[in-house]
Amino acid sequence: MQVKDNTFLITGAASGLGAATAERIVAAGGKVVLCDLNESVDAHAQVLGEAARACRSDITSDSDMQKAVETAVALGGERGLSGVVHCAGVVSVAKLVDRKGNPADLDAYAKTIQINLVGTFNVMRLAAAAMAKNSPGEDGERGVIINTASIAAFDGQVGQCAYSASKAGVVGMSLPAARELSRHGVRVMAIAPGVFETPMMSEIPDEAAQALAAAVPFPKRLGRPDEFARLAEQIITNPMLNGEVIRLDGGIRMQ
Ligand SMILES: NC(=O)c1ccc[n+]([C@@H]2O[C@H](COP(=O)([O-])OP(=O)(O)OC[C@H]3O[C@@H](n4cnc5c(N)ncnc54)[C@H](O)[C@@H]3O)[C@@H](O)[C@H]2O)c1
């Protein structure tokens, strides 16, 4: 799968990892549909020019994501939609039992699962159905799906029951989805980032960010969004990458 002249759906594209991935794909000659709830997605698409379209959409909505996939299929012309880099997601922190002894809020837990896990399934199912209709390329390949998990799927910290469970769900879907979609020539991969410098992490106090950077064996810093985008590009172009989750974390293991 080449990037040049192919069309990719990028979710969470108004910010952080998704925005960096859209930039890299356009720089490599690809076309992108930028999906996000945030209205700033329109401005991001404008900056990227003719090769980009914006689609304000909620990844948990059937109709929004159908529209986004249709927009991408149309942008792709004869080649249709070639791939998805699904970055939209939310972080949440809540203890099972708080300092005053109150149990965690059940709706807040369900909301994180709904966005990060159910939203991922929604994006995958609609994109896969569209890509299954593509004409096969080399090796019979029709498309690629790249989901975003987190190292919290493996090394969840206190307060991360909802976030870790949602990302562990994304990890868990990778292999069964890859096995199922192999008959359509669609690969499924996930990236599990460590700690990256994005707006999602900007709420962390400076001291905590420095401590996290110091905990990375090498390089001793937070990840840069383009480093995520580079891995996404490699996954798109390397057909042997399938059914796997790649940690992209400088070797950090959360305590
Ligand atoms: N930044 C990190 O350190 C880090 C680490 C591990 C995993 N991740 C994961 O990477 C992904 C991208 O994170 P980021 O750091 O770029 O965050 P970010 O907050 O900068 O970007 C996330 C984007 O997703 C969008 N979004 C949220 N809910 C949505 C919904 N329901 N529908 C459509 N769009 C929605 C937001 O509007 C935002 O633009 C997330 O899934 C996150 O959990 C990030």
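All of the numbers you see were taken from the coordinates with simple rules; none came from a lab. Bear in mind that the values here come from a model prediction, so they are computed numbers and not experimental data. We place every Cβ from the backbone using ideal geometry, glycine too, and count neighbours over all the protein chains shown.
On inspection, Ser63 fails the criterion of being surrounded by 24 or more Cβ atoms within 10 Å (Cβ to Cβ) and among the hydroxyl-bearing types (Ser, Thr, Tyr). Kindly provide the set of residues from region 66-91 that are crowded, with 18+ Cβ neighbours inside 10 Å and either under 30 Å from Glu203 (Cβ atoms) or within 16 Å of the chain's Cα centre (by Cα) (or both), ordered by number. Scanning region 66-91 gives Ala68, Val69, Ser82, Gly83, Val84, Val85, His86, Cys87, Ala88, Gly89. The residue pairs whose first member lies in region 225-245 and is more than 19 Å from Gly12 (Cβ to Cβ), whose second member is acidic (Asp, Glu) and not in a helix (DSSP H, G or I), and whose beta carbons are closer than 8 Å, counting only pairs six or more residues apart or on different chains, are Pro239/Glu141. Contact annotation: residue pairs with Cβ atoms under 9 Å, 6 or more positions apart or on different chains, pairing a residue in region 191-211 that is within 15 Å of Pro225 (Cβ to Cβ) and in contact (Cβ under 8 Å) with a residue 24 or more places away in the chain with a partner that is of a type in the set (Ser, Thr, Tyr) and within 7 Å of the ligand (Cβ to nearest atom), are Ile191/Thr148; Pro193/Thr148; Pro193/Ser150; Gly194/Ser150; Thr198/Ser15; Pro199/Ser15; Met200/Ser15. Of the residues Leu48, Leu75, the single one that is touching a residue at least 60 places away in the same chain (Cβ under 8 Å) and either more than 12 Å from the ligand (Cβ to nearest atom) or part of a helix (DSSP H, G or I) (or both) is Leu75. Within region 146-167, the residues that satisfy the criterion of being among the aliphatic types (A, V, I, L, M) and within 14 Å of the ligand (Cβ to nearest atom) are Ile146, Ala149, Ile151, Ala152, Ala153, Ala162, Ala165. Does region 134-151 contain at least one residue that is without any contact (Cβ under 8 Å) to a residue 40 or more places away in the chain and assigned to a helix (DSSP H, G or I)? Checked region 134-151: no residue is without any contact (Cβ under 8 Å) to a residue 40 or more places away in the chain and assigned to a helix (DSSP H, G or I).
Looking across region 131-157, the residues that are more than 18 Å from Val216 (Cα to Cα) and surrounded by 20 or more Cβ atoms within 10 Å (Cβ to Cβ) come down to Met131, Asn134, Arg142, Gly143, Val144, Ile145, Ile146, Asn147, Thr148, Ala149.
Residues that are of a type in the set (Ser, Thr, Tyr) and not in a loop (DSSP other than H, G, I, E, B) within region 51-72 comprise Ser63, Thr71, listed in sequence order. The numbered conditions (1) within 15 Å of the ligand (Cβ to nearest atom); (2) touching an Asp or Glu at 6+ places or on another chain (Cβ under 9 Å); (3) of a type in the set (A, V, I, L, M) are all true for Ala130 except (1). If only residues of region 32-43 that are more than 7 Å from the ligand (Cβ to nearest atom) and crowded, with 24+ Cβ neighbours inside 10 Å are counted, the one that is farthest from Thr60 (Cα to Cα) is Val32. Being in a helix (DSSP H, G or I), crowded, with 23+ Cβ neighbours inside 10 Å and within 10 Å of the ligand (Cβ to nearest atom), is that true of even one residue in region 168-181? For region 168-181, residues in a helix (DSSP H, G or I), crowded, with 23+ Cβ neighbours inside 10 Å and within 10 Å of the ligand (Cβ to nearest atom): present.
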